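For reference, the structure discussed in these notes is given below.
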Amino acid sequence: MNVENGIHDAPYFVPQPSKWPIMGSLALFFITAGTAFGINNVSIGWYALGLGFLVLIGMLFGWFGDVIRESNHGDYGPQVDYSFRWGMSWFIFSEVMFFSAFFGALFYTRVVSVPELGWFSNTHDYLWPMFHQAWPALSGPKVAPYTPMEAVGIPAINTGLLLTSGITVTIAHWGFVKNNRRQMTLGLAATVLLGVIFLCLQVKEYHHAYTEMHLTLASGAYGMTFFMLTGFHGMHVLVGAIMLSVMLARVIKGDFTPAHHFGFEAAAWYWHFVDVVWLGLFIFVYCL
Amino acid sequence: MQLRRLCAMAAACTPSFALAESPYTFQTPQSPIASHINDLHTWIMLIIVVVFVVVFGLMFYSIFKHRRSVGHQARHFHENTAVEVAWTIIPALILAVMAFPAARLVLAQKNTTNADITIKATGYQWLWGYDYMDYGFGYKSRLATPRAQIENYKDGAPPKSPLYLLEVDEPLVVPVGKRVRILTTANDVIHSWYVPALGVKQDAIPGFIRDTWFTAEHIGTYRGQCTELCGRDHGYMPIVVKVVSDADFKTWVTAQQAKAKAAQDDPNKKWTKDELLARGKQVFESNCAACHKVDGKGGGPFPALAGSKIATGPKEGHIHIVLTGKNAMPSWAGLSDVEVASVITYERNSFGNHTGDFVLPAEVKAARK
Amino acid sequence: MTTTTDALNPAHPIDHGHGADHGHGGHDAHDHHHAPAGWRRWVYATNHKDIGTMYLWFAFSMFLLGGTFALGIRAELFSPGMQFWQPEFFNQLTTLHGVIMVFGAIMPAFTGLMNWMIPLMIGAPDMAFARMNNWSFWLLPPAAMLLIISLFVPGGGPGAGWTFYPPLSVQLGAGMDFGIFAIHLMGLSSIMGSINIVTTILNMRAPGMTLLKMPMFAWTSLVTAYLLIAVAPVLAGAVTMLLTDRHFGTHFFNAAGGGDPILFQHVFWFFGHPEVYIMALPAFGVVSQILPTFSRKPLFGYVSMVYAVCAIAILSFMVWGHHMFAVGFPATAQLFYMFMTMLIAVPTGVKVFNWISTMWQGSMTFETPMLFAIGFLCLFTIGGMSGLVLSLAPVDIQLHGTYYVVAHFHYVLVAGALFSLFGATYYWLPKWTGNMYSERMGKLHFWWSMIAFNITFFPMHFLGLAGMPRRIPDYALQFTTFNEVASVGAFLFGFAQILFLYNVIHTIRGGVGPSPQRPWDGATTLEWDVACPAPHHTWTEPPSLALVREGLIAQGLEESTHVEELK
Ligand code: HEA
Ligand code: HEA
Ligand code: CUA
Ligand SMILES: [Cu+2]
């Protein structure tokens, strides 16, 4: 906190008026409205969705391009650096809360609703006498049978991959501190690669689930929590990998200095967050 | 009971809180729980009024005395640990005094054991179904107010009956003085079973059973309404409880049982298409028309059955959707084989659909497997 | 810094047409060479004042829209029977009224106030992330668009109430999807806005202004922003599950797959209860600025106020079950939520008592902001008391889902949040526009609102006690009289808001004359140390330690040991 530690930029950098945010809003408007129309069988909606994504990508390039330019130009003093740190921390906290909603749903179904439906209770006796609780559930009260996921195999390998990637990203960080370009490049490249392998394996796992295990989003309490949690996690891995790739490109361009590399640190924080979420997933979705 | 006496006294001095059917407070309680709630509320209101008078008294004293227009000069104090501690502790104590009787009442409300009769109340869009679990019969209870009284979009609507929106064709009948346990559940969306005078409200949640209880103290008819938003006709699914003497209840039960028996389908009966159609019309109008409309044209999210691919396609698909439901379409597996068979036959041959085929109860029975 | 004056309504004649020489909010951009003019100024804005202004205007338009829906509700409820709408459209009116008022009017209005005032009050040049600030705002109009589009798709708008309970919300038509996506966008906007506020407050305070010396409004904004960061993502998660249940076959809220409709209620109210404090805490902050100013006395019990705000925020995460007393919890859950809810009355009581002690022995005057602050205090206390009645689980069994709840939350939301917003507007309008508003019209607005508000919402307590359900388009005959009264009140209340609009526009165009830099002699926070109207860029140089200390001494937050050195 600046008041307490006396850090004050003179002046604090306030960016010029910018067209990127409004582009972002338009993009999100197209994406949301497009999806809303699309899922209600108005096919033009899907085109709007595609357009929205294009605009969004353009906007991200433009916006982050500006940020990188400003950063390289030396506009960001130590106080701005602090702002970025606070901002990124609370952003990650908000992501934690987003995942909490789904973890909450998982715990609720496991501890409250599935037992009530399938065990000694009025609900069970009067309405679902044929359903018996189990976890991993093999079916829902009215869901076709399916095979639940095993923790061994791909999930265990994936856990190993992500844990290793946590180490490689830290190695890259040491490279930043020591200003060792080679170490940075290799560390980052290895991290991105591990992330990509993780995603490929996840796709394979999903394919297997859908085609051979009859495990789908519609497979009741187990299927929905499994796919929603791992799916949102996978999306975050994707975003994290993209962030790290951008950092890799910037490293190759020679953007960072040992004192000034918050862009990389932010991506690394995010990566660690994704890592920790996976551990929670591995324990609560696959193992227990 | 001390509290009761205190409240009775309070009620006597503050008439607006407890006059019979005063429009300013709860309906006159007709069950022990309802009177306890009433007493608790009166007691809380007393405390609140006292707190209120103190708080507002101080504030308005200050507003009148410490204004600049009467020449008051500001004094610049801004802390006083003693009063700050006091006004943290005292409200906490007041709250404890409120919490104690409330906690006891929660325990009483939640104790649904030792019921004399158990009735299952099922919320449908937009009517209630009652099943007397101990006597093996059940029926549906619908709003009796005619639509013409409700829809006043144009002039010339008939005058509203005195029990407008609070009348049903078949009320719930319970014996006086008996502990009645109500199991609630729902067929489609969440409803809530609420009878103010009896002090009960319990949400009816599809796929789950919840329960509550009451003991009606006097013979009479008590009325309530669904209190959980359940779609278009949420305002039109009243609950009417008719409390009768024990003897009257017994006669009524016997009559109902006989009626149910007469209406029961003979499992060996050979159904003709016309019989199925007639029966199906009945089933359709009491179960399906709420969404698909009497003319099968549907509306909003509810698809038309007239000309529908499923209702004119292969029988299997039709039976399947009715038995298992789909998205907002509830499962109707709770209907009997005859009912499902007849309603499907009806749908396939009405609203301009002419498949010409018909579905026998045996086919439904087979499809359930 | 002694530009104080008592002349609130300068006697010189009003000059409507020629306000131009007092730089209006709308046209003072050219003095800064970077700021683009015309529409770009607003659409590309990175200036916290411009963005704040847009937030406030957006919120006010949404208030009028939501209010118009409310009038639609009240018109239908004027008499029994269906007069104007089909029942399903009535449900859509109720839903959109709630959603628009909560997410479109009250929350953006407070965010707008924070945008405008926090940098000024803590001596920062702008918000920490000025560009992202723009994005936070510009996500709102698309969200509003989605809500409006929803009314025109087949099946109409979302009609499941602002609480979106499944399975009803799973059953409804396409309008629901638009509602869900609107919530997503508004949630995104809130999260980004809150991160900005937290960062600004933590990182950009003027020298000498430690956390426990910030203006109370900054404190409540900080805590509010934290609440939002914690719960807005949870709401996003809840509506996402709703969306997948609707379209992608999941069973989160469907027993047939092992889910539970009640799960949604838990997740929703985990968001929803903190949400109501998100709408109340900034109001507390505003009142804590206004009362000391017009009592000419420092805020009483600053530190305990801070603790109370934090306590309310923490407790607000543990009480959500009080919205679900009727779903059939086991007795233990019923008792837990009941006790926790009752506990919130303690810190809230501390705040009320502190405010009264702030007025006590003051030298009070009653300009419009003060009137609204006192109106807030009176009516919020009533609303809090009815909240307390509802918090008692057994009593709530009678009152849940009835108009008693509607009465309760309009007392805390309209007389609480909205009145504080009116107070804040009158309080800071001179700083925003450089002009003084018409005190006579302001007072008329206050008294009219105060009376009409009570006519509208007080009878609803009686309706609820007697058992009238909420969210119904038609009612039994014994409820007629009170509904008539409430409907008449609602139209009267709506009319008062036209006065407000007129007064604000009148002030922008010159008002009753230019305002001095410090129009309120009791005002001691930093925003009154900048010119009037506030220039486009303020505090590009942080305020000096001396200036900050001067204000803190006047607020009773620092001892004046070095008075000479400050001179
Ligand atoms: C600004 C918004 C706001 C605020 C501040 C509050 C404050 C409180 N609310 Fe309210 N509430 C809502 C907005 C708000 N509420 C909304 C929108 C709903 C309905 C949502 C829906 O269903 O659509 C709702 C619903 C609601 C319910 C559920 C009703 C139901 O649906 O069945 C309950 C039940 O406990 C409740 C309780 C309380 C309590 C105990 C407080 C307390 O915080 C109040 C504390 C204040 C005081 C008590 C007064 C001041 C204190 C003193 C002077 C001290 C001395 C007093 C004593 C010791 C008695 N509220
Ligand atoms: C957050 C803030 C907020 C605000 C400010 C308001 C403001 C008002 N509310 Fe709102 N209300 C809610 C939040 C709010 N409400 C919520 C959350 C619900 C629950 C929804 C649900 O159940 O899902 C609700 C529900 C609700 C109901 C219950 C509906 C039902 O259960 O079916 C009613 C009924 O009277 C009502 C009335 C009003 C009125 C009359 C106002 C008035 O204060 C509005 C005043 C404003 C205007 C009238 C507009 C201004 C003027 C003009 C547009 C000019 C034209 C007018 C004239 C010439 C007269 N509200
Ligand atoms: Cu059934 Cu409301
Ligand atoms: Cu609450």
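Rundown of residues vs (1) within 16 Å of ligand 2 (Cβ to nearest atom); (2) surrounded by fewer than 24 Cβ atoms within 10 Å (Cβ to Cβ); (3) more than 30 Å from residue C:290 (Cβ to Cβ), yes/no style:
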residue: C:240; (1), (2), (3): no, yes, yes
residue: C:244; (1), (2), (3): no, yes, yes
residue: C:264; (1), (2), (3): yes, no, yes
residue: C:267; (1), (2), (3): no, no, yes
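Sort through B:31, B:62 and tell me the only one that's assigned by TED's automatic domain parsing to the domain that holds residue B:106 and more than 27 Å from residue C:393 (Cα to Cα).
Among B:31, B:62, only B:62 is assigned by TED's automatic domain parsing to the domain that holds residue B:106 and more than 27 Å from residue C:393 (Cα to Cα).
For the structure I just gave you, tell me whether residue C:242 is aliphatic (A, V, I, L, M), over 30 Å from residue C:375 (Cα atoms) and touching a residue at least 60 places away in the same chain (Cβ under 8 Å).
Spelling it out, residue C:242 is indeed aliphatic (A, V, I, L, M), over 30 Å from residue C:375 (Cα atoms) and touching a residue at least 60 places away in the same chain (Cβ under 8 Å).
Looking only at segment B:160-180, which residues are more than 7 Å from chain C (Cβ to nearest Cβ) and farther than 16 Å from residue B:240 by Cα?
Across segment B:160-180, the qualifying residues are B:177, B:178, B:179.
Those residues that are in contact (Cβ under 8 Å) with a residue 60 or more places away in the chain and either not in a loop (DSSP other than H, G, I, E, B) or not polar (S, T, N, Q) (or both), I need them from segment A:175-194; list them, please.
A:176, A:177, A:178, A:181, A:184, A:185, A:188, A:191 - these are the residues of segment A:175-194 that are in contact (Cβ under 8 Å) with a residue 60 or more places away in the chain and either not in a loop (DSSP other than H, G, I, E, B) or not polar (S, T, N, Q) (or both).
Among the numbered conditions (1) in contact (Cβ under 8 Å) with a residue 12 or more places away in the chain; (2) open to solvent by 30 Å² or more (accessible area, probe 1.4 Å); (3) assigned by TED's automatic domain parsing to the domain that holds residue A:234, tell me where residue A:91 comes up short.
(1)
Residues that are in contact with a helix residue (DSSP H, G or I) (Cβ under 8 Å, 6 or more places away or on another chain) and within 30 Å of residue C:171 (Cβ to Cβ): find the helices (runs of 4 or more DSSP H) completely inside segment A:1-91 holding 1 or more of those.
Passing ranges, in order: A:20-39, A:44-72.
Only one residue in B:99, B:74 is modelled with pLDDT under 90 and open to solvent by less than 60 Å² (accessible area, probe 1.4 Å). Which one? Talk me through it step by step, then tell me what you get.
Details: B:99 fails: modelled with pLDDT under 90.
Result: B:74 is the single residue among B:99, B:74 that is modelled with pLDDT under 90 and open to solvent by less than 60 Å² (accessible area, probe 1.4 Å).
Filter segment C:374-411 down to the residues that are more than 9 Å from chain B (Cβ to nearest Cβ) and touching a Lys or Arg at 6+ places or on another chain (Cβ under 8 Å), then identify the one that is farthest from residue C:345 (Cα to Cα).
Ranking the qualifying residues of segment C:374-411, first place goes to C:403.
I'm told residue C:515 meets every condition in (1) over 27 Å from the mean Cα position of the chain (by Cα); (2) more than 10 Å from chain B (Cβ to nearest Cβ); (3) away from ligand 2 (no atom under 16 Å from the Cβ) except one. Can you identify the failing condition by its number?
Exception for residue C:515: condition (1).
Run down C:489, C:423, C:467, C:442 and say which single residue is among the small types (Gly, Ala, Ser), more than 16 Å from ligand 4 (Cβ to nearest atom), within 14 Å of chain B (Cβ to nearest Cβ) and in contact with a helix residue (DSSP H, G or I) (Cβ under 8 Å, 6 or more places away or on another chain).
Within the list C:489, C:423, C:467, C:442, the selection yields C:467.
Taking segment B:316-338, which residues are open to solvent by less than 50 Å² (accessible area, probe 1.4 Å) and assigned to a helix (DSSP H, G or I)?
B:317, B:318, B:319, B:321, B:322, B:323, B:337, B:338
Just wondering, is there one or more residues in segment A:66-82 that are facing chain C (nearest Cβ under 9 Å) and open to solvent by 70 Å² or more (accessible area, probe 1.4 Å)?
Yes, segment A:66-82 contains a residue that is facing chain C (nearest Cβ under 9 Å) and open to solvent by 70 Å² or more (accessible area, probe 1.4 Å).
In this structure, is residue C:507 in contact with a strand residue (DSSP E or B) (Cβ under 7 Å, 6 or more places away or on another chain) and either within 14 Å of another protein chain (Cβ to nearest Cβ) or in a helix (DSSP H, G or I) (or both)?
So residue C:507 passes the test.
Regarding residue C:248, is this residue over 21 Å from residue A:94 (Cβ atoms), within 13 Å of chain B (Cβ to nearest Cβ) and surrounded by fewer than 24 Cβ atoms within 10 Å (Cβ to Cβ)?
yes
Confirm whether residue C:336 is surrounded by fewer than 20 Cβ atoms within 10 Å (Cβ to Cβ), farther than 30 Å from residue C:427 by Cα, of a type outside the set (S, T, N, Q) and within 20 Å of the chain's Cα centre (by Cα).
Values: surrounded by fewer than 20 Cβ atoms within 10 Å (Cβ to Cβ): yes; farther than 30 Å from residue C:427 by Cα: yes; of a type outside the set (S, T, N, Q): yes; within 20 Å of the chain's Cα centre (by Cα): no.
No; evaluated as a whole, the condition is false for this residue.
Yes or no: residue C:416 within 24 Å of residue C:54 (Cβ to Cβ) and either in a helix (DSSP H, G or I) or in contact (Cβ under 8 Å) with a residue 12 or more places away in the chain (or both)?
Considered against the rule, which asks whether it is within 24 Å of residue C:54 (Cβ to Cβ) and either in a helix (DSSP H, G or I) or in contact (Cβ under 8 Å) with a residue 12 or more places away in the chain (or both), residue C:416 comes out as no.
What do you reckon, is residue A:111 of a type in the set (Val, Ile, Thr), more than 10 Å from every other protein chain (Cβ to nearest Cβ) and surrounded by fewer than 20 Cβ atoms within 10 Å (Cβ to Cβ)?
So residue A:111 passes the test.
How about segment B:78-102: which of its residues are within 7 Å of another protein chain (Cβ to nearest Cβ) and more than 12 Å from ligand 1 (Cβ to nearest atom)?
Answer for segment B:78-102, where residues must be within 7 Å of another protein chain (Cβ to nearest Cβ) and more than 12 Å from ligand 1 (Cβ to nearest atom): B:78, B:79, B:84.
Mind checking whether some residue in segment C:440-447 is under 29 Å from residue C:291 (Cα atoms), within 16 Å of ligand 1 (Cβ to nearest atom), open to solvent by 10 Å² or more (accessible area, probe 1.4 Å) and touching a residue at least 12 places away in the same chain (Cβ under 8 Å)?
For segment C:440-447, residues under 29 Å from residue C:291 (Cα atoms), within 16 Å of ligand 1 (Cβ to nearest atom), open to solvent by 10 Å² or more (accessible area, probe 1.4 Å) and touching a residue at least 12 places away in the same chain (Cβ under 8 Å): absent.
Give C:482, C:491 a once-over and let me know the one that is under 23 Å from the mean Cα position of the chain (by Cα) and outside any loop (DSSP other than H, G, I, E, B).
Working: C:482 fails: under 23 Å from the mean Cα position of the chain (by Cα).
Matching residue, one of C:482, C:491: C:491.
Return a yes/no flag: does segment C:340-354 have any residue that is open to solvent by 20 Å² or more (accessible area, probe 1.4 Å), within 24 Å of residue B:62 (Cβ to Cβ), at the interface with chain B (Cβ under 8 Å from one of its Cβ atoms) and in a helix (DSSP H, G or I).
Yes: segment C:340-354 contains one or more residues that are open to solvent by 20 Å² or more (accessible area, probe 1.4 Å), within 24 Å of residue B:62 (Cβ to Cβ), at the interface with chain B (Cβ under 8 Å from one of its Cβ atoms) and in a helix (DSSP H, G or I).
Just the residues that are at the interface with chain C (Cβ under 7 Å from one of its Cβ atoms) and farther than 23 Å from residue C:45 by Cα, please, taken from segment A:10-34.
A:32, A:33
Which residue is most open to solvent (accessible area, probe 1.4 Å), if the candidates are limited to segment C:172-197 and must be at the interface with another protein chain (Cβ under 7 Å from one of its Cβ atoms) and touching a Ser or Thr at 6+ places or on another chain (Cβ under 9 Å)?
Among residues in segment C:172-197 that are at the interface with another protein chain (Cβ under 7 Å from one of its Cβ atoms) and touching a Ser or Thr at 6+ places or on another chain (Cβ under 9 Å), the one most open to solvent (accessible area, probe 1.4 Å) is C:184.
Find the residue count for segment B:189-215, including only residues that are among the β-branched types (Val, Ile, Thr), more than 16 Å from ligand 2 (Cβ to nearest atom) and surrounded by 24 or more Cβ atoms within 10 Å (Cβ to Cβ).
Adding up the residues that qualify gives 4.
Is it fair to say residue C:329 is away from ligand 3 (no atom under 16 Å from the Cβ), in a loop (DSSP other than H, G, I, E, B) and under 21 Å from the mean Cα position of the chain (by Cα)? It would help to see each step written out before you state the result.
Values: away from ligand 3 (no atom under 16 Å from the Cβ): yes; in a loop (DSSP other than H, G, I, E, B): yes; under 21 Å from the mean Cα position of the chain (by Cα): no.
No; evaluated as a whole, the condition is false for this residue.
Looking only at segment B:185-234, count every residue that is within 9 Å of chain C (Cβ to nearest Cβ), within 11 Å of ligand 3 (Cβ to nearest atom) and of a type outside the set (Lys, Arg) and tell me the total.
Total meeting the criteria: 16.
The values are calculated or read from the model by the stated rules, or taken from the named source; none is laboratory data. This is a predicted model, so every value here is computed, not measured. Glycine gets a Cβ as well: all are built from the backbone with ideal geometry, and neighbour counts include every protein chain shown. Keep in mind that these areas ignore ligands, DNA and RNA; they rest on the heavy atoms of the full protein, side chains included. Shrake-Rupley method; radii C 1.70, N 1.55, O 1.52, S 1.80 Å.
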